[in-house]
Amino acid sequence: MKKAYIIFLLLCYWASVCHAENDEMPIIGYWGVPESHTNGEAFRTFAECGFTVSLFPYNSLDNLVKACRVAKQYGIKIIGSCPEMVHAPAKAASVLKSTEGFWGYLLQDEPSLPDIKKEQLLIDKLQDIDNSHLFYINLFPYYGLQYTKAKSYPEYLKALTSTSCQQISFDNYPVTTDSIRPTWYLNLEMIREESLRTGKPFWGFVLSVPHIVYPQPTLASLRLQIYSNLAYGAQAIQYFTYWTPHPTKEYNFHNAPMSEKGHKTQTFDIVQRMNKELKIISKLFYGAKVISVKHLGKKIPKGTTRQKTLPVNIKNLKVIGRNGAIISQFQKDGHLYMGIVNKSHEAPLDVSIQKRNSIPRCITKDLKEEELKTSYKVSAGDILLVRLK
């Protein structure tokens, strides 16, 4: 009973501090509008691309506050950092506590396990003054375990969820020039399990800047990453990146939605289209309770579970496609839904579905109901939505 009450309080706290305005799923631009472009035009363009939160490190508290004030005019919130957070945390928290447009404290990206424990000391200092904003730490993916100094990935996750961070943020970029990373869904399984254990929602990533082994994003590759995250229960979608970071010999960043000099690239239009779609469809997933995530196809990924039983009110369900499908069942507003995600970003998925009665209905991308057909061809990376009851 005590554990259930604690989880209830965590969920209430999340609802009070983490939801974006109008109760919409946050769409976050990691390396968003840079400090050097703190102006109305830059934030207006950011909003037009469909983002609601800009994440960026600032060189001073004054510059962070200025960015928050400009961003707010365009409905954008800021997750940011500044040196004063570390050197004068009481001062920084006192100012940011009442700064409109400020959403949260950017602490560290891809920390080791000891780093996470150190960050809690800083969080304590900031939280003594300001307990109304979120604290942001983003974790390594499972394939980066060797850098975490943890014995296992679950141990690494538990280190984060033991902090005052209100969410579990992790990056995993599965689409490479060669293939889909084989441990991607294992990583999602671990994240979902820890989210369920603690009651803390998780935030997923999608890659939008080509570099090293990561190719130019397509609408299909964005859909695959986003809809897989949503199927597992993600409560925010983060893009790495919005603005193109300065390229180095190791990381040849290029062609993010905005170029390094601040010009729209071909990726801008793709991301803008994806976000327009996401803003509508995420209403079905934001605040939903995912009750089952299974996989269907000839071969299922490591660490996942095969869909062996038929969903309620469904008489038959088969898929034919290169990589099979995710079958996610979730509850929202008293209804039970099913999402069928095509796990290939290169080829369509054929879905054969028969209902037991007249209850199941197809849900369109604009969230309208229509008669459920017996067969569908789901585009690469896309999702088919069904209301089961």
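The values are calculated or read from the model by the stated rules, or taken from the named source; none is laboratory data. In this text, all values refer to a predicted model and were calculated from it rather than measured experimentally. Here the Cβ is made from the backbone with ideal geometry for all residues, glycine too, and neighbour counts use every protein chain on show. Heavy atoms of the whole protein, side chains included, go into the accessibility calculation; ligands, DNA and RNA do not. Shrake-Rupley method; radii C 1.70, N 1.55, O 1.52, S 1.80 Å.
Restricting attention to segment 117-134, does a residue exist that is hydroxyl-bearing (Ser, Thr, Tyr) and in contact (Cβ under 8 Å) with a residue 60 or more places away in the chain?
yes
Considering only segment 19-77, how many residues are under 25 Å from Gln166 (Cα atoms), touching a residue at least 40 places away in the same chain (Cβ under 8 Å) and either among the basic types (Lys, Arg) or open to solvent by 50 Å² or more (accessible area, probe 1.4 Å) (or both)?
So the answer is 5.
Let me confirm something: among Thr198, Thr183, which residue is among the hydroxyl-bearing types (Ser, Thr, Tyr), within 25 Å of Glu346 (Cβ to Cβ) and more than 16 Å from the chain's Cα centre (by Cα)? Show your work before the answer.
Working: Thr198 fails: within 25 Å of Glu346 (Cβ to Cβ).
Only one candidate qualifies: Thr183.
Yes/no per residue for (1) acidic (Asp, Glu); (2) touching a residue at least 60 places away in the same chain (Cβ under 8 Å); (3) open to solvent by 10 Å² or more (accessible area, probe 1.4 Å):
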| residue | (1), (2), (3) |
| --- | --- |
| Phe330 | no, yes, no |
| Gly334 | no, no, yes |
| Ala347 | no, no, yes |
| Val351 | no, no, no |
| Arg356 | no, no, yes |
| Pro360 | no, no, no |
| Asp366 | yes, yes, yes |
| Lys373 | no, no, yes |
| Tyr376 | no, no, yes |
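Given the criteria open to solvent by 30 Å² or more (accessible area, probe 1.4 Å), under 26 Å from Ile76 (Cα atoms) and part of a loop (DSSP other than H, G, I, E, B), does Ser132 qualify?
yes
Which condition number does Met338 fail, the rest of (1) of a type outside the set (Val, Ile, Thr); (2) under 20 Å from the mean Cα position of the chain (by Cα); (3) in a loop (DSSP other than H, G, I, E, B) being met?
(3)
Could you check Arg306 against (1) open to solvent by 10 Å² or more (accessible area, probe 1.4 Å); (2) under 23 Å from Pro217 (Cβ atoms) and say which number it fails?
(2)
Starting from residues that are surrounded by fewer than 19 Cβ atoms within 10 Å (Cβ to Cβ) and not small (Gly, Ala, Ser), keep the ones in segment 193-209 and report whichever is nearest to Asn172 (Cα to Cα).
Step one: filter segment 193-209 for residues surrounded by fewer than 19 Cβ atoms within 10 Å (Cβ to Cβ), giving 193, 196-199.
Retained after the next criterion (residues that are not small (Gly, Ala, Ser)): 193, 196-198.
Working: Glu193: 16, Leu196: 19, Arg197: 21, Thr198: 21 Å.
Going through the qualifying residues, I end up with Glu193.
Report, by residue number, each residue of segment 245-257 that is more than 20 Å from Ile280 (Cβ to Cβ) and either among the basic types (Lys, Arg) or open to solvent by less than 10 Å² (accessible area, probe 1.4 Å) (or both).
Within segment 245-257, Lys249, Ala256 meet the criteria.
Can you find, within segment 285-303, the residue that is nearest to Pro257 (Cα to Cα) among those that are assigned to a strand (DSSP E or B), open to solvent by 50 Å² or more (accessible area, probe 1.4 Å) and out of contact with any Lys or Arg (no Cβ under 7 Å at 6 or more places or on another chain)?
Looking at residues that are assigned to a strand (DSSP E or B), open to solvent by 50 Å² or more (accessible area, probe 1.4 Å) and out of contact with any Lys or Arg (no Cβ under 7 Å at 6 or more places or on another chain), I get Lys289.
Picking from Ser282, Ser352, Ser328, which residue would you name as being under 29 Å from Arg181 (Cα atoms), touching a helix residue (DSSP H, G or I) at 6+ places or on another chain (Cβ under 6 Å), not β-branched (Val, Ile, Thr) and not in a loop (DSSP other than H, G, I, E, B)? Spell out how you get there, then give the answer.
Numbers: Ser282 fails: touching a helix residue (DSSP H, G or I) at 6+ places or on another chain (Cβ under 6 Å); Ser352 fails: touching a helix residue (DSSP H, G or I) at 6+ places or on another chain (Cβ under 6 Å).
The match here is Ser328.
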